[in-house]
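Structure record follows, encoded as C-alpha cells.
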Amino acid sequence: DATPEINTRLWSTLIRNLTPYTPGEQPKHDNLCKLNTNENPFPPSPKVAEAIAQVLLNQADHLKRYPAPESDELRAVMAQVYQVAPNQIFVGNGSDEVLAHIFACFFVKDRSVLTPDIGYSFYPVYADTFHVDLVTIALKADFSIDVDDYRRPCSGIIIANPNAPTGVLLPLADIEKLLQEHRNAVIVIDEAYIDFADTPNASAVSLIDKYDNLVVTQTFSKSRSLAGLRVGMAFANHSLIEALNRYKNSFNSYPLDRLAQAGAVASLQDNDYFVACNQKVIALRHDVTQALTQLGFTVLPSQANFVFAKPPASMGETLQVFEKLRAQGVIVRHFNKPKISSYLRITIGTAEQNQRLLDTLTNLV
Ligand code: PMP
C-alpha cells in the first residue's frame, strides 16, 4: 500500500525537528518470550483487579463524573506507605508523564541540565521538546557515575537510579554529595527500578525533607506490575509539588482515571504481595546473572529487573546474537549506540522464560 504523503510543509519547524522516543516492541502474538521492555513477569496483586471490578460493578455510575483531579485518596495512602506528607506527592499517568512535567517546570530553557551519557532515552527527547540544553557526562569505564564529574554550573541534573539501561546503582551518599554541591539546581532522581535494589534503603525519598531541590520519581509500571494502568509519581518538597500541579492544571492534563486510582490504592494496600514479588524478581536476577556469566557473558552488577550483558566473542557480534534470539522468539533489547552496542539489555522473566533465553543462547555457541 502506498503510504499517504504527509504534507510537512504545513507543520511548524518546531514539530518537524522533534525526534520522538521509540517505544520497545509490543508483539501481538503470545508465543514470544518477551524480555525487552522491563515489565514485571508476574501479574499485579489480585486486589488490584478486585478494586477495579468493584468500581465497574458497583460504582459504574461514578464513571460519568471526572476523577479526583489530584488523586486525593491515592496520595493519602501513598503518603502512609512512603512516609511523606500528601502535599509532597504528585501523581501522573506513568512516570514518563511526570518527567515531562518536571522538564517543563524545573529545567530552565537554554540552561544546561546534566545527565549521564548512557541513561534513559526519554531524557534527550524531553530536552528537545522543552528546549533544554542537555549536557551528557561520561560514565566511568565500569559504567558507574562519578559525582565529582558533575561539578559544573547547571539548572538541573537528572539521573535514573538504578541507571537504565545499565542497572548500576548510585549510592545514596553520592546523591547527597550532588545535592550539597548544587543547592540552586533541581536534582531529579528517577527511581523507576529502585524497588529491585538489594538494599531496602537505597531510595532518595528519605531525603526530600532535607533538600528542597530534590525530586524523586517512581512508577507502578515495574515493581507493581502495572505498566498497563499508567501510574507514576514524584516526591518532593511541597513547593516543587505545587509547581507541578500548577503546570498540570494549566492545560487539560488529568491525573489518573477512576479505575487507575482505585487499582493503585489496592496495589499499595497489598504490601505483602509487593514485597514477595520483588524478592522473587531479585532472586531470579541473581540466577540469570550467574547463568549468563557461566555462558561467558560480561554482566554488569544490576540492581534493577533487567541485566545489561555482553555476549562472549564466541557467540559472534552482539547484534547477531540479538537477531538470532529474535528469530527464535526471544526478544531482548539491543541499543544501536556506539558505546553500548556490544551489550544486550535483558529483562528478568519468570523462571521458565529465563530458562528459554538461556537454552536458546546455549544453542547459539
Ligand atoms: N524511567 C525509566 C528509567 C524507565 O526505564 C521508564 C520505563 N521505560 C520510565 C521512567 C517510565 O515508566 P512509566 O512511564 O511506565 O512509569
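The values are calculated or read from the model by the stated rules, or taken from the named source; none is laboratory data. What you are looking at is a predicted structure, and each value in this text was computed from that prediction instead of being measured. Here Cβ is always computed from backbone atoms with ideal geometry, including for glycine, and neighbour counts include all displayed protein chains.
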Tally of residues being farther than 17 Å from Glu181 by Cα and free of Cβ contacts under 8 Å to residues at least 40 places away in the same chain across the stretch 210-228: 2
Failed condition for Asn38, given (1) within 30 Å of His334 (Cβ to Cβ); (2) part of a loop (DSSP other than H, G, I, E, B); (3) more than 13 Å from the ligand (Cβ to nearest atom): (3)
Any hit, the stretch 314-336, residues being assigned to a loop (DSSP other than H, G, I, E, B), without any contact (Cβ under 8 Å) to a residue 40 or more places away in the chain and within 20 Å of the chain's Cα centre (by Cα): yes
Search result, residues across the stretch 60-83 that are surrounded by 14 or more Cβ atoms within 10 Å (Cβ to Cβ) and closer than 14 Å to Gln218 by Cα: Arg75, Met78, Ala79, Tyr82
Residue ID - surrounded by the fewest Cβ atoms within 10 Å (Cβ to Cβ), chosen from residues in the stretch 184-210 that are away from the ligand (no atom under 16 Å from the Cβ) and within 14 Å of Phe106 (Cβ to Cβ): Asn184
Filter pass, Val299 being under 28 Å from Leu170 (Cα atoms), in contact with a Gly (Cβ under 8 Å, 6 or more places away or on another chain) and either surrounded by 14 or more Cβ atoms within 10 Å (Cβ to Cβ) or among the small types (Gly, Ala, Ser) (or both): no
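Take the stretch 213-241 and flag every residue that is out of contact with any strand residue (DSSP E or B) (no Cβ under 9 Å at 6 or more places or on another chain) and either more than 9 Å from the ligand (Cβ to nearest atom) or farther than 24 Å from Tyr273 by Cβ (or both).
Just the residues of the stretch 213-241 that are out of contact with any strand residue (DSSP E or B) (no Cβ under 9 Å at 6 or more places or on another chain), to begin with: 222-225, 228-229, 238-239.
Residues satisfying the conditions are Ser223, Arg224, Ser225, Gly228, Leu229, His238, Ser239.
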Leading residue by the ranking (surrounded by the fewest Cβ atoms within 10 Å (Cβ to Cβ)) among those in the stretch 246-271 that are under 21 Å from the mean Cα position of the chain (by Cα) and polar (S, T, N, Q): Asn271
Residues located in the stretch 112-143, provided they are under 15 Å from the mean Cα position of the chain (by Cα) and part of a loop (DSSP other than H, G, I, E, B): Ile118, Gly119, Tyr120, Ser121
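Being assigned by TED's automatic domain parsing to the domain that holds Ser144 and away from the ligand (no atom under 11 Å from the Cβ) narrows it down to one of Phe122, Phe90, so name that one.
Answer to the selection: Phe90.
Report, by residue number, each residue of the stretch 104-119 that is buried (at least 22 other Cβ atoms within 10 Å of the Cβ) and over 19 Å from Tyr211 (Cα atoms). Lay out the reasoning, then the answer.
Within the stretch 104-119, the first condition is being buried (at least 22 other Cβ atoms within 10 Å of the Cβ), and the residues that meet it are 106-107, 113-116, 118-119.
Thr115, Pro116, Ile118, Gly119, listed by residue number.
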Checking Thr166 against (1) touching a residue at least 24 places away in the same chain (Cβ under 8 Å); (2) within 30 Å of Asn17 (Cβ to Cβ); (3) polar (S, T, N, Q); (4) surrounded by fewer than 24 Cβ atoms within 10 Å (Cβ to Cβ), the condition it does not meet: (4)
